[in-house]
Each structure stands twice: as C-alpha cells, then as structure tokens.
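The values are calculated or read from the model by the stated rules, or taken from the named source; none is laboratory data. Just so it is clear, the structure is predicted and the values come from calculations on it, not from any experiment. Virtual Cβ from ideal backbone geometry, glycine too; neighbours counted across all protein chains shown.
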Amino acid sequence: MGFKLLASVVLSALCFVASGIAQERSPSGPSSDPQIGLAVGTRAPSFSLRDQSGRVQTSAALKGAKGTVLLFFRSADWCPYCKAQLMDLQTARARFEQQGLKLAAISYDTVEILKAFAGRRQIEFPMLADPDSQVIRAYGVLNAEATGRDQGMSLPGYFFIDASGVIREKFFEAREKYQERYSANNLIAKLFPELAAQVSQNVVAPRIQLAIAQSDRVAAPGSRITLSAEVKLPAGVHVYAPGAEGYRVTELRIPPSPDFALASSAYPKSKELYLAAIKETVPVYEGSFQITQDVAFSFSPAFMGSLGADGKTVEVQGEFRYQACDARLCYLPESVPVKWQVQVMPLDRQRAPEAIRHN
C-alpha cells in the first residue's frame, strides 16, 4: 500500500480531517517596537554618568568581553513595572556575566532616588542617573510626550551593544503597552537561544521525545516570558510542519486566558521532503527542533488584585499536536496535554522618600 494511501485509510477510519496552517508564524512579540531608539548597526553613543553610589561610570568601563546590555527604564521612584524589571535583572545578573556581558540601567532619576531603591532591593549592577536626559536623547528613547513629573523620562527597553560599541539588538515596548516588559531570562533566551530554559521537564508522547521548558519560574504583572516545546525525533521519523496538507501539522496550542496574553508562536524553518511513493513534496521537521511561545502576564486591576503578598501560581495549559511518520507508514495523529506553572508576584509600589521623589 502506498505511503499516502495508507495514511488516508487510517485518517478516514478515524473520521479525522487535518487542518493545515497557512504559514509559519512570526517569532516577534506583539509589543516589540523596532522604530524606537537608534537603529541596529549604529555605533552606540559614549557616556559618563553617576551610579547609585555616586561613582562615575563610563560606557567604556561597562563593557564585558562580549559587550553590554543597557536597559533604559522610566523611574525607580514611581514606575512599579520598572522596579519589577530591575529586580528581575538583578536576579539574572550572573547569567549575563557568564556570557561575557555587563549590565547597566539608565533613567532620568537622580542619584538619590537610585540609591534609595538599590539599597532597599539590593540592586548591585550600575543604575545610572541621567537627570538632564542627555544620554536618553542621544539614544533616541526620550518620551517627548511626557509632561510634568514625567518630563525627561525614557521609553522602556533594552539595547545589546557588542564589545566594539555597535548596537546589535534592541528590544523596546510599544508606547501603548509600556507595562509589558521582557523578563531578563527571556532576553537571555533571545540573545542565546541555547540558554532559553530555566525550567524543563519531559512529557510522555508516542513515538517522539517531548520536553517542555520555560524561561522563568517567577514573573510579575506585565512580564513577558518564553515557553517552549522541545522535540527529538528518532532516526527516520518525521512530523509535518505548518503548511503540509492532508496531515496533522505540528502545532503548540495554548487557549487564551484573562491571566495572560499570547504572542505568535515561533516555529523553526522546515525541510522539504519528497515522498517518492506518492510523488509529493511536503514540509516536515526531522531530528531536533523547538517551538517557542511568548506569554505576557496580565496587568489588569482584577488580576493584580488577585495576587497575595506571596503572589500566586498561574498555570498555562495547552496541547502539543503532531503526526509522526516513518518510511513505512503514517501513525495516528496525536494530541498531548502540556502545562507550565509560573509564580506571579505583586508589583512594588513603594515610592522613594518624599524629600527626593519626582514631583
């Protein structure tokens, strides 16, 4: 019996109709804005600013062997999303340094504001005061619409600057979604895909090896983390990639939830496989591959009101769908349940002492 005929018999017996996906989905998240800030490939402006201890820090001194990850944030006084991001970056600091990257963060805050927050939250990497917003302007991230207390603040996001001083990557939030922030571990996953998993576990799945992983154990409202499904196929076995017709394509499905928002799933590049028995070419995956899914946790009042002092565990549930085939036959379509758990912590809303805060 021919390859496709056997598959058709099996599928007909199950009354299964495969649904194809028209194209591979984009890996970019919905709130990433490439229009903000200096362009990738641009030489990063040099600077000299005082840190939270009052010491002068220069851009040259802040370079690791592979460069610098530079965060621009709104304020460590009144912005709770910025505070969560800074605390998260401190937690992941060692992972960046292991990759030869130094960290620094810049805002229009004064040294006194930065010192108060850094002392209260044990922030050890340089937080740099740019109260006149000169460096913020030089990098093209000034929020020109801000007035009053907020005048001079930056738009939030990251630059990755290599050791030669050239901007190689940037990750900035859309202006209308300033609450969404890449987690530090998510940023590591973007820069070093092989380091994406902070937590992983195996899942029982017929005819394939399946593991699920996540970039973060802990997050905050607005944090964007990466979930993934990692697949290893036996020699001679393939599964169908998005775009294949007549078979169940490989798909990571996560239903929507009021607790989080979903970006588009990122699928790897597929291989074109020629099936001689039916004279047909189809897109497939072979060997090992990974599908990733960015998830941004809600910052709605209802969700944030549900977080206790110790936060709460949010379950992200879904299914991994696929159909495995070898040189002899196509097996039954499969749907395997998958689940991730993330502890979402409340935001820090404590402001700087009244005498030094922004007014």
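Observations on the model:
- Any hit, segment 137-144, residues being basic (Lys, Arg), under 17 Å from PRO45 (Cβ atoms) and surrounded by fewer than 20 Cβ atoms within 10 Å (Cβ to Cβ): yes
- Any hit, segment 306-316, residues being in contact with a helix residue (DSSP H, G or I) (Cβ under 8 Å, 6 or more places away or on another chain), β-branched (Val, Ile, Thr) and closer than 29 Å to GLN122 by Cα: no
- Residue count for segment 254-279 under the criterion of being of a type in the set (Asp, Glu) and within 20 Å of ALA302 (Cα to Cα): the result is 1.
Conditions (1) farther than 30 Å from PHE303 by Cβ; (2) in contact (Cβ under 8 Å) with a residue 40 or more places away in the chain; (3) not in a loop (DSSP other than H, G, I, E, B), marked per residue:
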residue	(1), (2), (3)
GLU97	yes, no, yes
LYS102	yes, yes, yes
LEU114	no, yes, yes
PHE117	no, yes, yes
VAL135	yes, yes, yes
GLU145	no, no, no
PHE160	yes, yes, yes
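- Search result, residues across segment 189-212 that are among the basic types (Lys, Arg) and outside any loop (DSSP other than H, G, I, E, B): LYS190
- Residue match in segment 340-349 (condition: of a type in the set (A, V, I, L, M, F, W, C), more than 30 Å from GLY119 (Cα to Cα) and assigned to a loop (DSSP other than H, G, I, E, B)): no
- Residues being crowded, with 21+ Cβ neighbours inside 10 Å, at pLDDT 95 or above, of a type in the set (A, V, I, L, M) and in a strand (DSSP E or B) are represented in segment 60-69 by at least one member.
- Residue check, SER223 buried (at least 21 other Cβ atoms within 10 Å of the Cβ), among the polar types (S, T, N, Q), closer than 30 Å to LEU86 by Cβ and not assigned by TED's automatic domain parsing to the domain that holds GLU145: yes
- Members of segment 88-110 that are over 18 Å from SER53 (Cβ atoms) and aliphatic (A, V, I, L, M): ALA92, ALA94, LEU101
- Of the residues making up segment 231-259, just one is among the polar types (S, T, N, Q) and either surrounded by fewer than 22 Cβ atoms within 10 Å (Cβ to Cβ) or in contact with a Lys or Arg (Cβ under 6 Å, 6 or more places away or on another chain) (or both), namely SER257.
- Scanning segment 183-196 for residues that are surrounded by 19 or more Cβ atoms within 10 Å (Cβ to Cβ) and in contact with a helix residue (DSSP H, G or I) (Cβ under 8 Å, 6 or more places away or on another chain) yields a count of 6.
- Given (1) surrounded by fewer than 22 Cβ atoms within 10 Å (Cβ to Cβ); (2) not in a loop (DSSP other than H, G, I, E, B), index of the condition SER228 fails: (1)
- Pairs meeting the criteria (first residue in segment 267-279 and closer than 16 Å to CYS325 by Cα, second residue hydroxyl-bearing (Ser, Thr, Tyr) and modelled with pLDDT of 95 or more, beta carbons under 8 Å, at least 6 apart or on different chains) are SER270/TYR285; LYS271/TYR285.
- Qualifying positions in segment 246-276 - in contact with a Gly (Cβ under 7 Å, 6 or more places away or on another chain) and among the hydrophobic types (A, V, I, L, M, F, W, C): VAL249, LEU252, ILE254, ALA263
- Of all residues in segment 306-353 being under 21 Å from TYR247 (Cα atoms) and among the aromatic types (Phe, Trp, Tyr), the one that is surrounded by the fewest Cβ atoms within 10 Å (Cβ to Cβ): TYR331
- Taking the conditions (1) free of Cβ contacts under 8 Å to residues at least 40 places away in the same chain; (2) at positive phi; (3) of a type in the set (Lys, Arg) in turn, ARG207 satisfies each one other than (1).
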